[in-house]
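Notes follow the structure.
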Amino acid sequence: MKIVIDDRIPYIRGAAERLGRAVYLPGAAIGPDDVRDADALIVRTRTRCDRRLLEGSRVQFIATATIGFDHLDTAWLARAGIAWANCPGCNAASVAQYVESSLILLRRAGLLPAAGGVVGVVGVGHVGTKVAAAARALGFDVLPCDPPRHEREGGTFYALDQLAERADVVTFHTPLTFDGPHPTFHLADEAFFARLRHRPVVMNAGRGEAVDTQALLAALDDGRVRAAVIDTWEDEPHIDRRLLDRAFIATPHVAGYSADGKATGTRMALEAVARHFGLPDRFDIRPPRLPEGLVPAADPLDRKLQLYNPMDDTRRLKAAPESFEQLRGNYPLRRERWD
């Protein structure tokens with residue numbers, strides 16, 4: 001079996017060879033000639049899997065080592081009889097770590113109350129649930145907003161209008177959808193920003209297009225938004241330089257890039273391929289250990305920032321915004337835990 005694999009998927013070399021012949025290529029460069037005789041693909045968000053890429057190939061299965069799957073043309077794949085799988089929840093703890101560290105830094109900068117405060121979490125799936133838990137652990141009240149879940153399950157959820165009235169932070173963790181009863185494209189639009197009452201911090205570590213960039217910039221200009229924390233951007237990697245300059249924290253789509261989250265995504269993708277082809281589906285993929293000699297700080301919040309301080313990524317991106325893709329592709333070791 002031949003498997004074409006994005007060469008930036010970590011910890012996969014040596015493990016994928018248990019499944020068959022592995023061919024590693026840059027994700028954005030994978031083309032029709034590369035996949036024509038492939039049986040499976042393992043990709044990330046930079047490979048658009050659609051008719052242009054796959055028609056006439058022998059590909060039976062695609063695994064994306066990511067939570068999101070809007071880079072897969074799922075309707076066409078269904079018509080073509082090509083199965084696929086994503087990795088739901090693989091980097092949820094990593095994104096929660098990103099939000100947690102950002103909240104700590106925002107408090108220390110005087111942009112949020114030193115104690116208390118309200119965080120509105122928009123999208124309460126695998127990621128949003130962990131984000132909410134991290135915010136509560138820091139002493140914030142949390143307002144979960146997820147209309148689809150509210151319709152399915154009932155329970156305590158808040159409308160986006162209620163977040164606009166009450167929240168000190170509004171953080172977005174939705175998939176990207178364009179139709180249906182609850183589309184998320186430009187969910188935070190000019191009308192949303194006009195309803196804000198608490199000059200909140202706006203965070204986006206979900207999908208760039210969930211937040212209207214120009215509307216956010218206008219809200220920053222007139223003070224309706226206190227600060228912005230942006231990890232996912234419209235038109236990546238060609239990000240808006242004005243928003244980059246204005247954002248308190250600005251990172252190159254790496255909120256989910258902890259070594260722990262990457263290892264989980266790689267394992268889930270390999271196991272999905274194995275299950276599809278009836279092969280042994282147990283893989284032990286582990287991230288590297290922290291460097292020897294790294295001593296945990298006495299203060300528990302300082303310890304969290306030792307593991308991950310998003311200001312480091314912010315400095316790198318602001319210094320070289322044209323290197324957005326290189327910063328993602330060559331991301332340094334980042335662990336979620338001290339073990």
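What follows draws every value from the coordinates through simple rules; no lab data is involved. Since the model is a prediction, treat every value here as computed from it, not as a measurement. Every residue, glycine among them, receives a Cβ derived from its backbone with ideal geometry; neighbour counts consider all protein chains shown.
Miscellaneous remarks
- Once the Cα-Cα distance is subtracted from the 0.36 nm per residue extended length, the Asp222 to Glu151 segment shows a gain of 22.0 nm.
- What the Cα convex hull of region 101-181 gives, in volume per residue, is 102 Å³.
- Over all pairs of different C-alpha atoms in region 1-52, the reciprocal of the mean inverse distance, the Kirkwood hydrodynamic radius, equals 11.1 Å.
- Reciprocal mean inverse distance between Cα atoms of the chain - Kirkwood radius, Å: 20.9
- You can think of it this way: the chain between Asp50 and Arg36 has 3.7 nm of extra reach, that is 0.36 nm per residue less the Cα-Cα gap.
- For the chain, the number of Lys pairs separated by eight or more positions or lying on different chains, with C-alpha atoms closer than 24 Å, is 5.
- Cβ-Cβ FRET estimate between Trp76 and Val295, R0 fixed at 41 Å, reported to 0.05: 0.20
- Compared with the alpha-carbon gap, the fully stretched path from Gln306 to His182 is longer by 40.8 nm at 0.36 nm per residue.
- Per residue, the chain reaches -10000 deg cm²/dmol at 222 nm when only DSSP H runs of four or more residues are counted, each adding -39500 (n - 2.57).
- Region 114-162 versus region 248-279: alpha-carbon centroid distance in Å: 24
- Considering only Pro200, Tyr308, Ala219, and ranking their Cα positions along the charge dipole of region 165-321 that arises from unit charges at the beta-carbon of Lys, Arg, Asp and Glu, the one farthest toward the positive end is Tyr308.
- Cysteines in the chain that, by Cβ-Cβ distance, have no pairing candidate under 4.7 Å: Cys49, Cys145
- Lys, Arg +1 and Asp, Glu -1 on Cβ, resulting dipole of region 92-250 about Cα centre, debye, nearest 20: 660
- Fraction of C-alpha pairs exceeding 16 angstrom in region 168-227: 39 percent, rounded to a whole number.
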